[in-house]
Amino acid sequence: MRPDSHEIYARRRSRNVGVGVVLGSLVFLIFAVTIVKLTEGHPMEGFDHTFRATMLPATED
Amino acid sequence: MTDATWIKQPPADAGFGDYVELLKPRVMRLVIFTAFVGLVCAPVGVHPVLGLAAIVCIAVGAGASGALNMWWDRDIDAIMKRTAARPIPSGRVGRDEALAIGLVLSGFSVVFLALVANLASAALLAFTIFFYAVIYSVWLKRATPNNIVIGGAAGAFPPMIGWAVATGGVSVESVLMFAVIFLWTPPHFWALALFRNEDYARAGVPMLPVTAGPRVTRNQIFGYALVLAPVAVAPAFTPVGGVVFFIGAVYLNARFVFGAWRLWRRDEAVAVADGWRDEKKFFGYSILYLFLLFGLFLVEAGLRLVGLGGWPAPF
């Protein structure tokens with residue numbers, strides 16, 4: 001019997017692959033959410049203790 | 001028993017499936033489905049990617065509360081046949097590991113939901129996790145036979161959270177969705193408790209059949225089914241309902257009440273003789289009932305998309 005054929009290695013492999021897939025999916029999801037938020041025009045700047053015209057709501061002249 | 005048996009074994013290396021099991025995937029399925037229904041039926045549209053991310057957050061939050069529940073209940077889980085094979089009592093996942101997973105995923109899901117959707121839905125999710133892990137698991141479950149009645153609120157929040165993701169608030173429709181699951185939970189779990197009575201008694205969990213006996217439990221199941229029926233039909237008269245929902249809900253609730261009535265008519269001698277056939281049947285139907293009832297919300301939402309749905313105009 002090969003030393004790496006023990007059942008514990010299979011379990012560890014499944015855990016490593018699973019965690020890898022979950023983390024990869026999370027990165028992709030955050031990327032996708034960012035793209036959607038940017039393209040939908042969500043405010044990109046928060047209040048920073050000073051007035052900025054870019055923070056005013058857009059108005060039609 | 002050998003000397004080796006006395007040595008406390010450290011938890012074995014957990015496989016990925018053990019961690020998934022820690023998050024109670026079966027409960028998660030119901031949470032995902034009902035949250036999705038709340039999200040889709042809301043009058044405000046959500047971008048599919050944001051909707052997916054929100055559902056993931058709600059599912060992970062539900063899973064986190066499941067992990068915290070398993071961490072707290074590890075002693076009684078080891079005693080009950082139904083739960084003895086769970087990851088902690090079986091030694092596949094360490095208790096500290098389960099606690100860490102529960103806490104980290106709770107924090108992650110709430111913060112991420114606030115960023116993806118809004119503060120209202122994130123606050124509701126945080127409250128749901130707190131309610132399930134602390135109010136239900138730590139406080140009520142071992143203290144009162146009404147544990148399921150009050151604790152059922154935790155399972156009833158997901159459609160409200162889904163609705164809040166889209167609208168940023170709470171409304172009559174989402175409160176009715178909450179009420180349906182809230183009133184459905186006691187008869188659902190008490191039917192299970194009737195044929196798992198010995199398990200709960202051995203673990204010292206004061207489920208209604210243990211503290212008040214099966215007769216009272218059967219009365220309560222029937223009573224709750226009667227109260228649930230009008231509440232479950234009521235959404236038909238809100239903007240998320242319509243004729244199809246009304247007809248479907250009436251049929252599903254008639255069957256639910258009929259099933260509860262059959263349990264009410266039976267006694268323990270008959271139940272033991274046929275191996276709790278009707279109780280098991282009612283428990284199985286109660287799961288199908290909830291899926292189909294919430295499926296009706298989706299049908300109405302689909303019909304509205306193509307210009308149908310709702311109630312026909314009087315003229």
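For the reader, a short list of remarks on this structure follows.
- Relative pair counts by distance (%), Cα atoms of the range B:98-165, 10 Å bins: 22, 46, 28, 5
- Gyration tensor analysis over the Cα atoms of the range B:41-138 returns equivalent ellipsoid semi-axes of 30, 12, 12 Å (largest first, whole Å).
- Cα Rg, Dmax, chain B, angstrom units: 20.7, 84
- The range B:148-256 shape via C-alpha gyration tensor axes, a/c threshold 1.5: oblate
- Plainly put, the range B:255-315 has a radius of gyration that is 1.28 times its Kirkwood radius, both from alpha-carbon atoms, as the Rg/Rh ratio.
- The range B:235-313 and the range A:3-28: distance between their alpha carbon centers, rounded to Å: 41 Å
- Taken over the range B:32-81, the percentage of Cα pairs per 10 Å bin, counting from 0 up to the bin with the maximum distance, is 23, 36, 21, 16, 5.
- Intensity falloff of the protein assembly as shown expressed as log10 I(q)/I(0), Debye formula with alpha-carbon point scatterers, at q = 0.13 Å⁻¹: -1.14
- Value in Å of the Kirkwood radius, where the range B:155-197 supplies the Cα pairs that are averaged: 11.3 Å
- Rg in Å to one decimal, and Dmax rounded to a whole Å, for the range B:171-315 via C-alpha atoms: 17.5, 63
- As a ratio to 2.2 N^0.38 Å, the alpha-carbon radius of gyration for the range B:81-213 is 1.19.
Only the coordinates and a few stated rules stand behind these numbers; no lab work does. All values reported here derive from a predicted model rather than from experimental measurement.
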